[in-house]
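Step one of this worksheet: look at the structure below.
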């Protein structure tokens, strides 16, 4: 049982990888929120994915219990910290308890299994996803330049860096003197995020623009990210997918803690607005706010992307 949000669900996939490697032939049922359900379509040993749309009075938990209680489980892993795990017949249980400690979620989740090394997130695709991505993003080569991937959206406007700054960053990174001169630019986003991404799309020359906003499923987006050279985006599920894809990933942070949610891996970095503890204005009301990312300058984000690019180049 994993998260409703895509990013948290991605971070939990390292535990799935651990279970599959230590229990060969395991058959797996995944329960999660509807938005994250598509992440698991390629999972080896998958029996089914149970999407859990939220219901009043916790009715979604009763529906899930009704579907899984007939089975005798070898292992139940509950990353939601619910009581449901204790109402099932199971040989083993692992139930996560949320902690406010400033420790990355990957590390916290790995402690559930007392793993000596954190379980790095990973996703599994099917051939259909790889084939679709190859058509959307043909491989770079002598004719086609590499791809800069951008994630200008987020699940909340407070976390969204201004669109005009994404456009300025794109111009500088892909300029003749940039780290990706002449690069194609792929813009990623989910259903319903086209308005937020539109100014960034409009700033990209048509012959270099790859529009993937709301038009592909999660695993095709992941396969497309694997074909990109560098990802820069807000703190979002797409950012975590990019890091899991193993490409250099720069996360832009403001009103969320990078200590918990920085992109995971040796090819990841963070550019942050003012410190988290100082980012919320007096009398702050999240329902009426705009972006809280204004203190992150284009210069700072470009410098962080360049540093990450050089670091990754030195380690490959």
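Read the figures in this text as sums done on the coordinates, not as results from a lab. Everything numeric here is computed off the predicted structure, so don't read it as measured data. A quick note on method: Cβ atoms are made from the backbone with ideal geometry, for glycine too, and the neighbour counts reach across all protein chains shown.
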Item to check | Spatial separation of Cα centroids for the range 109-124 and the range 239-316, in angstrom | outcome: 22
Next on the checklist: Cβ neighbours within 10 Å, averaged per peptide: list 134-141, 252-259 in order, most packed at the top.
Outcome noted: 252-259, 134-141
Checklist entry - Can you give the Rg to Rh ratio for the chain, taking only C-alpha atoms and Rh from Kirkwood? => result 0.98
Checklist entry - With labels modelled as points extended 7 Å from the Cα through the Cβ direction, what inter-label distance (nm, one decimal) is found for residue 56 paired with residue 177? => result 6.2
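Which of 65, 309, 86, 264 has the fewest other C-beta atoms within 10 Å, and how do the rest follow up to the most? Could you put the intermediate results ahead of the total?
Values: 65 14, 309 20, 86 11, 264 24.
The order, fewest Cβ neighbours first, is 86, 65, 309, 264.
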Next on the checklist: Compute the angle between helix 163-173 and the longest alpha-carbon principal axis of the chain, please, reported from 0 to 90 degrees and rounded to the nearest 10.
Outcome noted: 70
Next on the checklist: 7 Å from Cα along Cα→Cβ at both residue 311 and residue 115: what's the point-to-point distance in nm?
Outcome noted: 2.1
Checklist entry - For the residue pair residue 134 and residue 100, what label-to-label distance in nm results when each label sits 7 Å from Cα along the Cα-to-beta-carbon direction? => result 5.1
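At 222 nm, what helix-only mean residue ellipticity would the chain give, in deg cm²/dmol to the nearest 500, using -39500 (n - 2.57) for each DSSP H run of four or more? Intermediate results must be reported in sequence, preceding the final value.
Details: 10 runs with 104 residues, N = 316.
Value at 222 nm, helices only: -10000 deg cm²/dmol.
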Next on the checklist: Please report the spacing between the Cα centers of the range 1-37 and the range 132-166 in Å, no decimals.
Outcome noted: 26
Checklist entry - Ranked highest first by the average count of other Cβ atoms within 10 Å around their residues, in what order do 243-250, 123-130 fall? => result 243-250, 123-130
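For the range 18-117, what value does the Rg/Rh ratio take when both radii are computed over Cα atoms and Rh is the Kirkwood radius, given to two decimals?
Working: Rg = 14.1 Å, Rh = 14.9 Å.
Radius of gyration over Kirkwood radius for the range 18-117 works out to 0.95.
Pulled fully out, how much extra length does the chain show between residue 257 and residue 157, if you take 0.36 nm times their separation in residues and subtract their Cα-Cα distance? Walk me through the numbers before you get to the answer.
Numbers: separation 100, 0.36 × 100 = 36.00 nm, distance 1.58 nm.
Result: 34.4 nm gained on full extension.
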Checklist outcome for this item: With Cα coordinates, the longest principal axis of the chain makes an angle with the long axis of helix 298-315, in degrees rounded to 10, of 70
Checklist entry - Can you put 235, 195, 277, 8 in order, fewest other beta carbons within 10 Å first? => result 277, 195, 8, 235
